[in-house]
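The values are calculated or read from the model by the stated rules, or taken from the named source; none is laboratory data. Because the structure is predicted, anything quoted here is derived from the model rather than measured. Note: ideal-geometry Cβ built from the backbone for every residue, glycine included; neighbour counts use all protein chains shown.
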Amino acid sequence: MAKQQWVREEFRAGDLALSRGGVLKDARLHYHQIGELNAPKDNLILLSTYYGGAAAGNHAWVGEGGANGPQLDPDRYCIVIPSLLGAGESSSPSNSNGAQAGPGFPAISLYDNVRLQKQLVDEVFGGANLALVMGWSMGGMQALQWGSLFPEQVNAVLATCCTARCYPHNHVFLEGVKAALTCDPTFQAGHYRTPPVRGLKAFARVYAGWAYSQAFFRNECWRDMGFTSVEDLLDFWEQDHLGQDANDLLAMLDTWQTGNIADNPVFRGDYPAALAALTMPTRLMPSGTDLYFTVDDASADASQMPGATLEVLASDYGHIAGGAGREHRSHIRILQAAQSLLHSQAPGHSRSRANERSDNSA
């Protein structure tokens, strides 16, 4: 059989009314697809993207297995990766025109992202049932929202290194990296003529200290990633962020800081009710050394989700442990969890809970 190839597409949704007010003009959702939808329309897997991540960042979860673990099989599943609004591929400050370009880009919520992805699934994939919604970090937050908002359409959820809302200490961490970026005089409140290089470098260096754990640096785990020193690692982070747009980073950061599974017209701030809607098999996989999406916070969320189990990743890599292909041992465990969730579903049979929450369609 010929090897499956990724296809890059763009879904044009027209004007999108936003949950925090205003309208996103000519909303565009960039996505990658591999594999084909089957006739029962029950083999669709959605891999939501993370902060600053392009859709290709989730490719490592997909393939033929082998040394990379039990990867998601594109010969069996139709796998779709929708790019986060604001990340530079879907509608973002850096690729919008007119009044919504740059600092004029409207405030986007996680609910807006999930609702746009729902529109993609319904219009392009015929309202398919989702065998699995899976994501890391902000991608995991979106996966949890999918399960909460559309339980009749989602068969299983896997969320790594995330919580259902941005908890207070997480919010403060983000305030720190935001301050590092915006204090660059070149930034000019988002109206920069040239990239705020100093601010982007400062953002990257501050962020790196939070992304990994104390043990990661103490045990020199960066050597396993091919770096020769901590400074080498920090230089890599600088270069990576110099390739990103400052307004994009801030737009996504705002989406993250305001992220809350209950902050939408369906649950209207009722956090326990939003968590209780996750009745399908749900796996939360926090990293034991994550400094901002902590095990305690993830455990508190999972305890209120009827379908949830908590599986802690024992890793020195901190938050990074939950990403696709970032740390081999955690990568394998995440893929094993995905296979467990998928194998628990009867082939060719879509679980339907349409009548359980008919009053909460969104």
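State which residue is farthest from Gly190 (Cα to Cα) when the search covers only segment 96-115 and only residues that are among the aliphatic types (A, V, I, L, M) and crowded, with 17+ Cβ neighbours inside 10 Å. Quick ask: steps written out before the conclusion?
Just the residues of segment 96-115 that are among the aliphatic types (A, V, I, L, M), to begin with: 99, 101, 107-108, 110, 114.
Filter once more, so that each one left must be crowded, with 17+ Cβ neighbours inside 10 Å: 108, 110, 114.
Details: Ile108: 17, Leu110: 22, Val114: 26 Å.
The qualifying residue farthest from Gly190 (Cα to Cα) is Val114.
Just checking, does segment 267-281 include any residue being in contact with a strand residue (DSSP E or B) (Cβ under 6 Å, 6 or more places away or on another chain) and not in a loop (DSSP other than H, G, I, E, B)?
No, segment 267-281 has no match at all.
How about segment 11-36: which of its residues are farther than 24 Å from Asp254 by Cα and assigned to a strand (DSSP E or B)?
Step one: filter segment 11-36 for residues farther than 24 Å from Asp254 by Cα, giving 32-36.
The answer is His32, Gln33, Ile34.
If a residue must be of a type in the set (Asp, Glu), under 21 Å from the mean Cα position of the chain (by Cα) and in a helix (DSSP H, G or I), how many such residues does segment 228-250 contain?
The first filter runs over segment 228-250 and keeps only residues of a type in the set (Asp, Glu), leaving 231-232, 235, 238, 240, 245, 248.
Keeping just the survivors that are under 21 Å from the mean Cα position of the chain (by Cα) gives 240, 245, 248.
Imposing the further condition that a residue be in a helix (DSSP H, G or I) reduces the set to 240, 248.
The number of residues fulfilling the criteria is 2.
For the subset of segment 162-178 comprising residues that are touching a Phe, Trp or Tyr at 6+ places or on another chain (Cβ under 9 Å) and among the charged types (D, E, K, R), which member is nearest to Val133 (Cα to Cα)?
Of everything passing the filter in segment 162-178, Arg165 is nearest to Val133 (Cα to Cα).
Table: residues versus (1) loosely packed, with under 13 Cβ neighbours inside 10 Å; (2) touching a Ser or Thr at 6+ places or on another chain (Cβ under 9 Å); (3) not assigned by TED's automatic domain parsing to the domain that holds Met134.
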residue: Asp15; (1), (2), (3): yes, no, no
residue: Leu18; (1), (2), (3): no, yes, no
residue: Tyr31; (1), (2), (3): no, yes, no
residue: Asn58; (1), (2), (3): no, yes, no
residue: Leu72; (1), (2), (3): no, no, no
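Could you list all residues from segment 32-53 that are at pLDDT 95 or above and either charged (D, E, K, R) or over 19 Å from Val121 (Cβ atoms) (or both)? Steps first, please.
Step one: filter segment 32-53 for residues at pLDDT 95 or above, giving 32-51.
Listed by number, the residues that qualify are Glu36, Lys41, Asp42, Tyr50, Tyr51.
Do you know which residues across segment 98-115 are among the hydrophobic types (A, V, I, L, M, F, W, C) and closer than 20 Å to Asp42 by Cα?
Kept after step one, since they are among the hydrophobic types (A, V, I, L, M, F, W, C), are these residues of segment 98-115: 99, 101, 105, 107-108, 110, 114.
Once the filter is applied, which keeps residues that are among the hydrophobic types (A, V, I, L, M, F, W, C) and closer than 20 Å to Asp42 by Cα, segment 98-115 yields only Val114.
Go through segment 181-206 and give me each residue that's part of a helix (DSSP H, G or I) and either surrounded by fewer than 19 Cβ atoms within 10 Å (Cβ to Cβ) or assigned by TED's automatic domain parsing to the domain that holds Ser109 (or both).
Of segment 181-206, the ones part of a helix (DSSP H, G or I) are 181-182, 185-190, 197-206.
Thr182, Pro185, Thr186, Gln188, Ala189, Gly190, Val197, Arg198, Arg205, Val206, listed by residue number.
Going residue by residue through segment 74-95, is there one that turns out to be surrounded by fewer than 20 Cβ atoms within 10 Å (Cβ to Cβ) and among the charged types (D, E, K, R)?
Yes, segment 74-95 contains at least one residue that is surrounded by fewer than 20 Cβ atoms within 10 Å (Cβ to Cβ) and among the charged types (D, E, K, R).
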